[in-house]
Structure formats: C-alpha cells, structure tokens
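Presented below is the structure to which this report refers.
The values are calculated or read from the model by the stated rules, or taken from the named source; none is laboratory data. Computed from a predicted model, the values in this text were never measured in an experiment. With ideal geometry, Cβ positions are generated from the backbone for all residues, glycine too; neighbour counts draw on all protein chains shown. These area figures cover heavy atoms from the full protein model, side chains too; ligands, DNA and RNA do not enter into them. Shrake-Rupley method; radii C 1.70, N 1.55, O 1.52, S 1.80 Å.
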Amino acid sequence: MFIFFKNLQAMKGIVLLCSVFLGLYFGCTKKNAAKINDAKTDNIQYLSFQLFVSGNTEPSGDDQPLHGFISPEEMENFFIAVRSAIGNASTASRKPAVMIGPIALDFTNSEIASLINLSFELAKCYDIAVGFHIDEGKFWAGRPDLWKDPENVEWTDWNQTPNTSCNVSWVSARLAPQICFNAPKVKMAVHDFMANIATDIKSNLTQLQLSQKEYLYAGVIVGWEPGIYPDRDTKMSSGFHALYNEGFAPDHLPGDIDQERVNILHEYMEWISEPFISMGLPVSKTYSHTVFLPRHYYDSFVIINPDFGKKSYAEVNSFSLPEIALGTHYSPGFSTYPLHGTLDTIHALLPNSGWASSEGTNKIPDMPPSPSGYNMESYLARHYNYGCSLVNIFAFQVRGDPFTDALNDVSQGADALAAYKKFLGGGILKE
C-alpha cells in the first residue's frame, strides 16, 4: 500500500470475507453470464477490482493473524456489484476481473483451496475473470511455529537484535516480526505455501481450458509490496540476519550493504514465484507487486532536510527499488498511485508490454488523499496505452473512514465508471 507518508492512515473497513466452502448454493442463471469470447489470453488486458479477502489488511489484534475469510454470499455480492457497475461491456481483448487477496500464511491450505475453487465458480457464473493476490510474508502471525523461531526473524544489527514487529505504515495493529527471507525454514514453508496455491489454480485453469474459457483466469500477483521493513518500535533498519545467512559479518561486509539487501529481496521474489511457473502457469500472468518512492522526491527531501539523507534511497524504499520488479519467474507489477514520477519511472524501465498495476487508483494517498490532476480515463490510458496487461483498482465497494472513502469515491464515481465502460467496450483511451 503506501509506505512513504508519515501521515498516512491505514485503509480500514474494507469488504469482508470469512471461511468458504465450495460454492454449491448460489443461483447462477444464464442471464448472469455474458456471451463467451474465444480470446487468446496472452493478448487480453484486464481491468480488475480488489476484493479484500479478510475484510481489510488489519490483523485481528496485535501479533494476531488476519481475520478469516468472509462468506460465499459476501463474495458473490462483490461480483454482483462489479457486474452492476460496469455492465456487460467487454471485448475479446479487454475483460473485467476480480482480484482476491491477501491470501497469506495466516490461512490453512484447505481454507485457501476452498476459496480458490469458489472464486472460479463465481468467475464462470458472472463471466468475470478472477485472479489471486498473495502476501509474501507480512501476515504470518498465524504461523507461530515459524515466527517464534529466532532463526526465521530478521535482525536490526550485527548483535542479532531481533526485529520485534514489521513496521508497515498502513497497518495499525502490531504485525509479527519482519520475516528473514533466506532462512531455510522460511524458504521451505513459503515455497510449499505457494506450490499448494499454484496446484489449486492450475487444476481450475485446466477445467477452464477444456471449455475454452481460460480467459477467466486473470493471473496471480505474488507479493503485497514486499520489502525488508524496519522495526516498528525502534525504526531501526533490518536485513542483517539475511546478510549473515549470505556469509557476511561485521568484519566481512559486502561492497554495498544496501544493494546486497536489494538483491536478497529480489532473490526471494524469484523464489516465491517459481512454483507458479513450475506448475505450468504463464509467466505473462504471474506478476510482482513492488512499490517505490520516485527518486526525485528522495533527492528533494534530502535538500530540504539533510537528515533525511542519512538513509539511502534503497533503505527509504525498504530495499524495494524499481528494477526488482523485473524477474525471470514473474512479470513486472507495481503500486501505481499517481504520485508524480511513478508512471514515468515505470514507462522508462519497461518494454511496452506485459506489466501490471498491482494496486492503485486515481488519487494520491496523502492525508487527505489529493487529486492527480487528470481524470480516470487519463489514469487508465497512462497504463493500458503503455503496454499494461492488468490494472487492479483498490478501494472499490469499500467504506470505513474519510481516507478510505476518498479513495472509494474516485474509484467508483461517475467519472471512473464511464472510463471503465469505455475501456471494456473497446474505446480509445485519451491521456
């Protein structure tokens, strides 16, 4: 979400999702489904709406897991709301979608499997594609077998001082500690977690392919703004445990300690994405989700306040630099709120194809949220006209506080709905 603004409030009161069973109850009729197109899915651009699978990204309490998934009825209601908002407009190369997440280590394999199966059933029922947004390890309080083991937790210095709570500005409750990305037990557990999800998605995708409806799979976003975050209480930087695991020490430092932590994060992103590719899911629909502060903001802040420069550009970004969005096992994905320079940096970094806005809407997430200076059609054009394959809109069908309401208003206002319909109907978007 939004890691750079000290005055940022957490997004609260977002749609709720509890424990799911394979949806046998909902009455899907023929009138719910639009005409099926036989599109080649590599050429499809998706307009996706984020469904928050636990209701929000707030844990149920300090050092507690996320709330459970909401009911099948509540899930179906979100699909109905999307269909109601955008109508039946779509072309062979432009499709609506619902992105479901965060799916996290807090949940069991059986809960996740039921959620995925139900999601595909809803996709077929409403002819709205479905995708899955997976957390990389922020939400692991439900796995005390992992986070209470010191071998799996980050350090804030070479004296092995543990990170006590991952400092993510958009979560108000205390998270479990910052995960150590290259700890052997972590790598094994997260790899198994991702492999189980990939297996469940693949089995459903195979069924879609048999009925020539594979376009109903919008893809998977692997990560929820991953970073090596500081300690919540001390604000001290983390990553020293991972550096130690790489063979470094106070008397054997890497040439660039910050770049080494960037590399560690990048390698972890490759690691957690690999199971999806091994399962045969397309790289073109497997996206990262990184976030960065544009460089010119950092440089300006240093001029205004030289103390800001005591932290490197990499550290300010929690070691998530723009270039780590490029990978072998995934396609690039970013948070793309319209902070000046964000999309310019992305456009300069990427070839003109195959990337995702893994999170965003046409509002700058300051407090209060501020306008971009252009309308939603222009916002979408700055993505799709530059080769974006998927735009995942945040704050749709969510209410709760002034901050969330402001984002929802821009995501669901008349200007936005007109832009969505124009895009899905095949219109040329104007910047």
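Residues with amide H under 5 Å of residue 287's amide H, sequence separation 5 or more or different chain, H placed in the peptide plane at 1.01 Å from N; which?
220, 221, 222, 331
What does the accessible area of residue 331 come to, in Å² to the nearest 10, when a probe of 1.4 Å is used?
10
In the neighborhood of residue 86, defined by Cβ-to-Cβ distances under 13 Å, what is the net charge if each Lys or Arg adds +1 and each Asp or Glu adds -1?
+4
With the cut-off at 17 Å, report for segment 233-363 the share of all Cα pairs above it, as a whole percent.
65
With labels modelled as points extended 7 Å from the Cα through the Cβ direction, what inter-label distance (nm, one decimal) is found for residue 148 paired with residue 173?
Between residue 148 and residue 173, the simple spin-label model gives 1.8 nm.
Taking the alpha-carbon set of segment 85-212, what are its Rg and Dmax in Å?
18.4, 59
Looking at the chain, what % of its DSSP beta bridges pair antiparallel, to the nearest 5?
Taking every DSSP beta bridge with both residues in the chain, the antiparallel ones total about 20 percent.
In segment 164-249, which trypsin sites (Lys or Arg not before Pro) fall in coil by DSSP and have 16 or fewer other Cβ atoms within 10 Å?
Within segment 164-249, the qualifying trypsin sites (Lys or Arg not before Pro) (loop, at most 16 other Cβ atoms within 10 Å) are 235.
Based on the alpha-carbon set only, what is the convex hull volume of segment 261-310 divided per residue, in Å³?
82
How big is segment 74-142 by the Kirkwood estimate over distinct Cα pairs, in Å?
By the Kirkwood definition, the hydrodynamic radius is 13.2 Å.
When the accessible area of the chain is computed with all protein chains present and a 1.4 Å probe, what percentage of it is carbon and sulfur?
53
In nanometres, what is the gap between the two model label sites at residue 414 and residue 310, each 7 Å from Cα along Cα-to-Cβ?
So the two model labels end up 5.2 nm from each other.
Under a 5 Å amide H to amide H cut-off, with H placed in plane at 1.01 Å, what residues pair with residue 155 once short-range neighbours are removed?
Distant-sequence amide H within range of residue 155: 163, 239, 240, 241, 242.
5 Å is the cut-off here: which amide hydrogens, built 1.01 Å from N in the peptide plane, fall below it relative to residue 393, excluding neighbours closer than 5 in sequence?
48, 49, 50
Could you tell me which of rounded, prolate or oblate describes segment 280-344, using a ≥ b ≥ c as the square roots of the eigenvalues of the alpha-carbon gyration tensor, with rounded for a/c under 1.5 and, failing that, prolate when a/b is larger than b/c and oblate otherwise?
Here segment 280-344 falls in the prolate category.
What does the extension gain come out to for residue 195 and residue 399, with contour length at 0.36 nm per residue minus their alpha carbon separation?
Taking residue 195 through residue 399 to full extension adds about 70.0 nm, to one decimal.
If you average the sequence gap of Cα pairs under 8 Å that are 6 or more apart and divide by the length of the chain, what percent do you get for the contact order?
Computed over the chain, the figure is 19 percent.
Tell me, what is the per residue accessible area of the chain in Å², probe radius 1.4 Å?
38
So, in Å, what gap is there between the alpha-carbon centers of segment 233-281 and segment 373-414?
32
Where a ≥ b ≥ c are the square roots of the eigenvalues of the C-alpha gyration tensor, would you call segment 314-431 rounded, which needs a/c under 1.5, or, failing that, prolate if a/b is larger than b/c, or oblate?
Taking the square roots of the gyration eigenvalues as a ≥ b ≥ c, segment 314-431 is oblate.
Using just the C-alpha positions of segment 165-230 as equal point scatterers, what log10 of I(q)/I(0) does the Debye formula give at each q in 0.13, 0.27 1/Å?
The calculated log intensity ratios at q = 0.13, 0.27 Å⁻¹ are -0.57, -1.18.
Would you work out which of 333, 305, 122 lies farthest towards the positive end of the dipole of the chain? Charges go on Cβ: Lys and Arg +1, Asp and Glu -1.
Working it through, the farthest residue towards the positive pole turns out to be 122.
How compact is the chain by the rule of thumb for globular proteins, expressed as Cα Rg over 2.2 N^0.38 Å?
In units of the globular-protein estimate, the chain measures up at 0.93.
Sorted from largest to smallest, which semi-axis lengths in Å does the alpha carbon gyration tensor of segment 148-259 give for its equivalent ellipsoid, taking the root of 5 times each eigenvalue?
Equivalent-ellipsoid dimensions as semi-axes: 36, 17, 13 Å.
Which value in Å is the Kirkwood Rh of segment 234-287 over different Cα pairs?
For segment 234-287, inverting the mean 1/r across all distinct Cα pairs yields 13.1 Å.
Quick one: what are the phi-derived ³J(HN,Hα) couplings along segment 244-249, Karplus 6.51/-1.76/1.60 with θ = phi - 60°, whole Hz, x for glycine and proline?
Using θ = phi - 60°, the values come out as 4, 5, 7, x, 8, 7 Hz.
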